[in-house]
1. ILE442: free of Cβ contacts under 8 Å to residues at least 40 places away in the same chain, surrounded by fewer than 18 Cβ atoms within 10 Å (Cβ to Cβ) and within 30 Å of TYR71 (Cα to Cα), yes or no?
2. Suppose we filter segment 318-345 for residues that are surrounded by fewer than 20 Cβ atoms within 10 Å (Cβ to Cβ), in contact with a His (Cβ under 9 Å, 6 or more places away or on another chain) and in contact (Cβ under 8 Å) with a residue 60 or more places away in the chain; how many remain?
3. Given the conditions (1) closer than 22 Å to HIS159 by Cα; (2) in the same structural domain as GLN314 (by TED's automatic domain parsing), report the number of the one that GLU283 does not fulfil.
4. Of these, ALA432, ALA408, which one is in contact with a Leu (Cβ under 9 Å, 6 or more places away or on another chain), surrounded by 23 or more Cβ atoms within 10 Å (Cβ to Cβ) and without any contact (Cβ under 8 Å) to a residue 40 or more places away in the chain?
5. Can you confirm whether segment 45-52 contains a residue that is assigned to a loop (DSSP other than H, G, I, E, B) and touching a residue at least 60 places away in the same chain (Cβ under 8 Å)?
6. Does PHE57 fit the bill of being within 30 Å of TYR383 (Cβ to Cβ) and either polar (S, T, N, Q) or not assigned by TED's automatic domain parsing to the domain that holds PHE181 (or both)?
7. Kindly indicate whether SER232 is of a type in the set (S, T, N, Q) and in contact with a His (Cβ under 9 Å, 6 or more places away or on another chain).
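The values are calculated or read from the model by the stated rules, or taken from the named source; none is laboratory data. Quick caveat, the model's predicted, so the values are computed rather than measured. We place every Cβ from the backbone using ideal geometry, glycine too, and count neighbours over all the protein chains shown.
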Amino acid sequence: MTDSTTIDYDLIIIGSGSGNSIIGPEHDHQRVAIVERGVFGGTCLNRGCIPTKMFVFPADLAEHTRHGERYGIRMSFDGADWPSMVRRIFGRIDPIAEGGRQYRHSLANVDVFEHTGHFVGERELEVGGQRIRGTQVVIAAGARTFVPDVPGIDDVPFHTSDTIMRLPKLPQHLIILGGGFIACEMAHVFGSLGSAVTIVARGHQLMRSEDHDVAARLTEEFQQRFDVVLGSTVEGVRMTADGVVVNVNGSDGPRHIEGDVLLVATGRVPNSDHLHVAAGGIEVDGNGAVIVDAYGRTSSPGVWAIGDINGRHQLKHMANGEARVVRHNLANPGDLHVLDQRPAPHAVFSSPQIGAVGRTEHEAVASGEPFCAITHAYGDAAYGWAMEDSTGFCKLIGDPRTRMVTGAHVIGYQASIIVQLLVQGMHLGNTADEMAVGQIWIHPALSEVVEQALLKLMDAFDAHDAGR
């Protein structure tokens, strides 16, 4: 039964992930409400970036043991104590989430509504039978796993990224539906720790959103490590006494894949439909993402949206940046800041890692504008040569007219760190020449891969100019 009394707030925040950082000292004299239907802290802390990387690190250690003989080092992997890992990881994370929850409950000017909420009017929501209205509303309700319409899926106890990391024991054979970053990171984790892994992907490459050369290299590497089924259609799934069977029609014909655990990692969708945003006068795009302008404002005056739900980027670091901008804009309506419009960097913590920012070569071709593209192998730099690396490379896309780097794509050891050198230069407006020769590069650090790639791109620019 709904309470007919509506409580008024100066600010309502829907979601306790990046939205939680909206609240600052400037709100000490305002009445604030936080609406959170799940665990406090949002996806990144509880079931996303943080716990996955806490599993990736030991997975990397386990994977390294398999390659020691190449360097004359005898190492062995004697198995993983999965229950101990789960206890250690969530024994650290869960208290942080609960601490954040208790802290917000302790503030006299903040009310925490731990219920599902949805819009019933402009800046008005119904939450757990109570109606609340805000002068300003920030939607930071994130996204959820997309589950495809596969025959039998509702009758099978499958897992998603929300639950897979809290399994009671390590799977003997993990079947993964999907070929994106969650699928690849989880394949690396479970495969390195001892599970047999089968990846079933609809596309003909894994990580299809990456530059085509990076996607091709990752696919090659994963095909050596795992059972990878590409170009596939899942005809159905069913339970067995020991787990599940996935019936697949792939590029190599039909297959019946048996495993004890099924992970569905086929993408994520914004939670706008759960919030009934249309009732609040809030427009969404064809994918269900809340539409925002350059300042983070939605189509409904006084309502803002940040993070995964606005569809700009499904990246925690970008959501945090949006939260800082919107927090400023709430307090300074006469001095609005714009959301970061620069290319968003990202990383995939698979093995090999991927780090990227800016245009892919395909996007450069589609633009119709002049561009140069070069690739430089890890093994062509001194440290990469010492590693005997035959996998990693740095690929750069550049505009010969401005001599700017417009895209950077790295695959290999510590790619998530290596690419940051290029992110910095691109975001600070440096040309490839300035990045390459405007500083001293430490020899023989792995970062020389970037220096040498930049020098190669400069040569490509010169050749382009000479050929005009």
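1. yes
2. Residues meeting the conditions: 4.
3. With respect to (1) closer than 22 Å to HIS159 by Cα; (2) in the same structural domain as GLN314 (by TED's automatic domain parsing), GLU283 is out only on (1).
4. Numbers: ALA408 fails: without any contact (Cβ under 8 Å) to a residue 40 or more places away in the chain.
Exactly one of ALA432, ALA408 is in contact with a Leu (Cβ under 9 Å, 6 or more places away or on another chain), surrounded by 23 or more Cβ atoms within 10 Å (Cβ to Cβ) and without any contact (Cβ under 8 Å) to a residue 40 or more places away in the chain, namely ALA432.
5. Within segment 45-52 (the criterion being assigned to a loop (DSSP other than H, G, I, E, B) and touching a residue at least 60 places away in the same chain (Cβ under 8 Å)), the answer is yes, since at least one residue qualifies.
6. Criteria met by PHE57.
7. no
Conditions tested, residue by residue: (1) assigned to a loop (DSSP other than H, G, I, E, B); (2) in contact with a Lys or Arg (Cβ under 8 Å, 6 or more places away or on another chain).
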residue	(1), (2)
VAL120	no, yes
VAL137	no, yes
SER192	no, no
MET207	yes, no
